[in-house]
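Engineer: Handing you this structure, nothing more for now.
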Amino acid sequence: MATAKSKPTSAKKSAPIAAKTQQTVASPSELQLKAFEGAVKLFSAQRFAEARAIFTEVAKGPAFDVAQRGRQYIQVCDRRLSTQAPELHTADDHYNYAVERLNSRDLEKARQHLAAALKLEPGGEHILYTLGICCGLLGDGNAAYENLKRAIEMEPRNRVHARQDSDFAGAVERFPNLRTLLEH
């Protein structure tokens, strides 16, 4: 004998309502994960300051593994923010930043900022001298020679300084035209 199954109508109506209610209320861990995902998108867009602020909140959340990943991203954001070039407006700004990059052996960035400083101050013999050092360290003997030659023409004492400068020592050994320039 087959019996008809009765379907309770009230249970059927209340189930979708309960499901909707459960979907709209996210747990703190779920909110933390969503915030983390949003911060990763900002990080990927190189919006490090904004991402860092969200990662800081994520690090306070209840899910340990997500909080730990948030703390790791905070450290990366801090490094990225500290290595971004500050706003540079004057020749001195570019020159000083270039010297800092040169000392850190970030030679390409140093060369870029020395070129920017030279555009702003074409008669800057100290800029030419430092650009000569940078080019020599980069292995560009011709550019090192041309920049140092111009620096010496503007200020003859630069020849003496270059002879004594350890940063020029390797370039002088590798590039005979620099050696000739310094021997005069």
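The values are calculated or read from the model by the stated rules, or taken from the named source; none is laboratory data. Bear in mind the structure is a predicted one, so any value in this text is a computation, not a measurement. Cβ coordinates were reconstructed from backbone atoms using ideal geometry, including for glycine residues, and neighbour counts include every protein chain displayed.
For (1) touching a residue at least 40 places away in the same chain (Cβ under 8 Å); (2) more than 15 Å from the chain's Cα centre (by Cα); (3) surrounded by fewer than 17 Cβ atoms within 10 Å (Cβ to Cβ), each residue gets a yes or a no:
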{"position": "ASP93", "(1), (2), (3)": "no, yes, no"}
{"position": "ASN96", "(1), (2), (3)": "no, yes, yes"}
{"position": "ARG101", "(1), (2), (3)": "no, no, no"}
{"position": "SER104", "(1), (2), (3)": "no, no, yes"}
{"position": "ALA110", "(1), (2), (3)": "no, no, no"}
{"position": "LEU118", "(1), (2), (3)": "no, yes, no"}
{"position": "GLY123", "(1), (2), (3)": "no, yes, yes"}
{"position": "THR130", "(1), (2), (3)": "no, yes, no"}
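Quick grid of which residues meet (1) acidic (Asp, Glu); (2) without any contact (Cβ under 8 Å) to a residue 12 or more places away in the chain; (3) assigned by TED's automatic domain parsing to the domain that holds ALA110; (4) crowded, with 18+ Cβ neighbours inside 10 Å:
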{"position": "PHE55", "(1), (2), (3), (4)": "no, no, no, yes"}
{"position": "LYS60", "(1), (2), (3), (4)": "no, yes, no, no"}
{"position": "ASP65", "(1), (2), (3), (4)": "yes, yes, no, no"}
{"position": "GLY70", "(1), (2), (3), (4)": "no, no, no, yes"}
{"position": "TYR73", "(1), (2), (3), (4)": "no, no, no, yes"}
{"position": "VAL76", "(1), (2), (3), (4)": "no, no, no, no"}
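Engineer: All but one of (1) modelled with pLDDT of 90 or more; (2) touching a Cys at 6+ places or on another chain (Cβ under 7 Å); (3) assigned by TED's automatic domain parsing to the domain that holds VAL172 hold for LEU102, so report the exception by its number.
Structural biologist: (1)
Engineer: What is the residue count in the range 161-171 for residues that are free of Cβ contacts under 8 Å to residues at least 24 places away in the same chain and not small (Gly, Ala, Ser)? Even if it seems obvious, please write down each step before you answer.
Structural biologist: Filtering the range 161-171 down to residues free of Cβ contacts under 8 Å to residues at least 24 places away in the same chain leaves 163-164, 166, 169.
Within this subset, residues satisfying the condition of being not small (Gly, Ala, Ser) are 163-164.
Adding up the residues that qualify gives 2.
Engineer: Working only within the range 84-96, note down all residues that are assigned to a helix (DSSP H, G or I) and more than 27 Å from ARG163 (Cβ to Cβ). Spell out how you get there, then give the answer.
Structural biologist: Restricting attention to the range 84-96, the residues satisfying the condition of being assigned to a helix (DSSP H, G or I) are 91-96.
ASP93 - this is the single residue of the range 84-96 that is assigned to a helix (DSSP H, G or I) and more than 27 Å from ARG163 (Cβ to Cβ).
Engineer: Against the condition small (Gly, Ala, Ser) and in contact with a Cys (Cβ under 9 Å, 6 or more places away or on another chain), how does ALA151 come out, does it pass?
Structural biologist: So ALA151 fails the test.
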